[in-house]
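All of the numbers you see were taken from the coordinates with simple rules; none came from a lab. Just so it is clear, the structure is predicted and the values come from calculations on it, not from any experiment. Cβ atoms come from the backbone with ideal geometry, glycine included; neighbour counts cover every protein chain shown.
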C-alpha cells in the first residue's frame, strides 16, 4: 500500500532538527487497519535530554506502546521529536509525561503507555511510567521487558 504523503512535511524530506520539543512536529498517517485492536511499540534505547540543574546529559531507554485508532504515529517525525530533547532541560518525570501527552494530543490513539527507564543520576535510576487510562479489554499487552537497573543492558 502506498502512503499518501499529502500533508506530511518530514517523510521523504531532508529535515533539520527542531530546536526544542515544543517546535518539533509530530505527524500522523491514516491507519489502514482501523477498527482492529492491536498494539504498536516504539523503543528508543538511546534517548537523551539535559538535566535542568546541572546541564549534564541524562540518558533513558524509552518504550512507547499505543493502540491506534484512526491514525498511526509517523516514525520519522517521532524520531525527530525525541531527538529535539537532546538540548532540552527537564527532569525525567517531565520528559516522560510530556512525550506521552504530546503523542496522545497529536495522534489520538485509543490508548497509550510510556515507560521511561532512566540511567542513574547521583547513583539512583529513576523510572517513570505514564498511561492514558485503562488499556482496551481486547488488547494483548506485552511486558516492556526492560530490566531494573543493573547496567541496563
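Observations
- DSSP beta bridges in region 28-131 [antiparallel fraction, %, rounded to 5]: 95 percent
- Candidates 23, 74, 93, ranked by Gaussian network fluctuation over the chain, Cα under 10 Å, top entry: 23
- Cα gyration tensor, region 62-120 - rounded (a/c under 1.5), prolate or oblate: prolate
- Selected from 103, 64, 124 as most flexible by GNM, with the chain as the system and alpha-carbon contacts under 10 Å: 124
- Between 0 and 90 degrees, the angle of helix 92-107 with respect to the longest Cα principal axis of the chain falls at about 10 degrees.
- Between residue 54 and residue 41, the modelled labels are 3.1 nm apart [label points 7 Å from Cα along Cα→Cβ].
- Relative contact order (%) - criterion: Cα under 8 Å, at least six apart; region: region 28-131: 30 percent
- Just checking the listed ones, 123, 89, 100: in the Gaussian network model of the chain with Cα springs under 10 Å, the one fluctuating most is 123.
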